[in-house]
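The block underneath contains the structure these notes are about, expressed in structure tokens.
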Amino acid sequence: MHGPATAGWLLVALCAGAGGYCLLRMRAAVGEARGTAGGEALMGFGMAAMAVPTAALSPPRWVWLGYAAVFGAAALGAAVRARSSPHHAHHLLGMLAMVYMAGAMALTPGGAHGVHAAAGVPLVTGGLLLYYTAYVLRAGARLLPLPAAAEPGGAVSGGPAGVVGAGRGEWPELTLVCRLSMGLAMLAMLLGL
């Protein structure tokens, strides 16, 4: 899941930053929003750990199996919540993608990256690449500003499409940016698999 060391460290920083922001959101959120932010924080920090360049750290097989177990457990929790909203279904797919990538790394000798280079792109990797490409394009489009429209009573509305009311201590646009960043990071990790 790693390319050149600089790109790997940038991916680590991006994912860790997104995970940190999600922890802050989790701290300020209540109810279901807290669980959503917690799942996104787990994804961010897990992706940061998996993106560390192999030149700096090449974990043994049991670490990859540990990642698979952690994200497998998180996938079970996401599966329970997936019926309530499409975003929880996205979390479920993300957790399963992490299990898939960790399993692929556990099966390679020494956790070497570029697992599928010789065999081509497997069907699961290709499907995940298509899904995350569509997700990134959709998330990016949601950040585009809408033209300001006059509301009844003379008020003017506008802003990113699809942004709903913010919770305490939450900036909806930054939340969308974090989700977009993690989607891009997932694409990069899948391409390097």
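Scoring residue 9 on the criteria (1) of a type in the set (A, V, I, L, M, F, W, C); (2) in contact (Cβ under 8 Å) with a residue 12 or more places away in the chain; (3) in contact with a helix residue (DSSP H, G or I) (Cβ under 6 Å, 6 or more places away or on another chain) leaves a single failure, condition (3).
Residue pairs whose Cβ atoms lie under 9 Å apart, separated by 6 or more positions or on different chains, with the first residue in the stretch 33-62 and farther than 16 Å from residue 181 by Cα and touching a residue at least 12 places away in the same chain (Cβ under 8 Å) and the second in a helix (DSSP H, G or I) and β-branched (Val, Ile, Thr), are 52/12; 53/6; 53/12. When the helices (runs of 4 or more DSSP H) confined to the stretch 1-107 are screened for residues that are in contact with a strand residue (DSSP E or B) (Cβ under 6 Å, 6 or more places away or on another chain), none reaches at least 1 such residues.
For the condition at pLDDT 55 or above, among the polar types (S, T, N, Q), touching an Asp or Glu at 6+ places or on another chain (Cβ under 9 Å) and not in a loop (DSSP other than H, G, I, E, B), what is the one hit in 133, 125, 175?
175
The residues in the stretch 1-44 that are among the acidic types (Asp, Glu) and more than 30 Å from residue 55 (Cα to Cα) can be counted, and the count is 1.
For residue 101, state whether it is closer than 25 Å to residue 25 by Cα, buried (at least 20 other Cβ atoms within 10 Å of the Cβ) and touching a helix residue (DSSP H, G or I) at 6+ places or on another chain (Cβ under 7 Å).
no
Mind checking which residues of the stretch 12-31 are in contact (Cβ under 8 Å) with a residue 60 or more places away in the chain and hydrophobic (A, V, I, L, M, F, W, C)? Within the stretch 12-31, 14, 15, 18, 22, 24, 28, 29, 30 qualify.
Figure legend. Inter-residue proximity from the stretch 170-193: first residues farther than 16 Å from residue 12 by Cα and of a type outside the set (Lys, Arg), second residues modelled with pLDDT of 85 or more and part of a helix (DSSP H, G or I), beta-carbon distance below 6 Å, spacing 6+ or different chains. Indicated pairs: 170/25; 176/142. No other residue among 94, 77, 114 is farther than 20 Å from residue 22 by Cα and either surrounded by fewer than 17 Cβ atoms within 10 Å (Cβ to Cβ) or modelled with pLDDT of 85 or more (or both) apart from 114. Looking at residue 32, is it within 20 Å of residue 89 (Cα to Cα) and exposed (fewer than 14 other Cβ atoms within 10 Å of the Cβ)? Taking the combined requirement at face value, the residue satisfies it.
The values are calculated or read from the model by the stated rules, or taken from the named source; none is laboratory data. What you see is a predicted model; the values in this text were computed from it and never measured. Every residue, glycine as well, gets a Cβ built from its backbone with ideal geometry; the counts of neighbours run over all protein chains shown.
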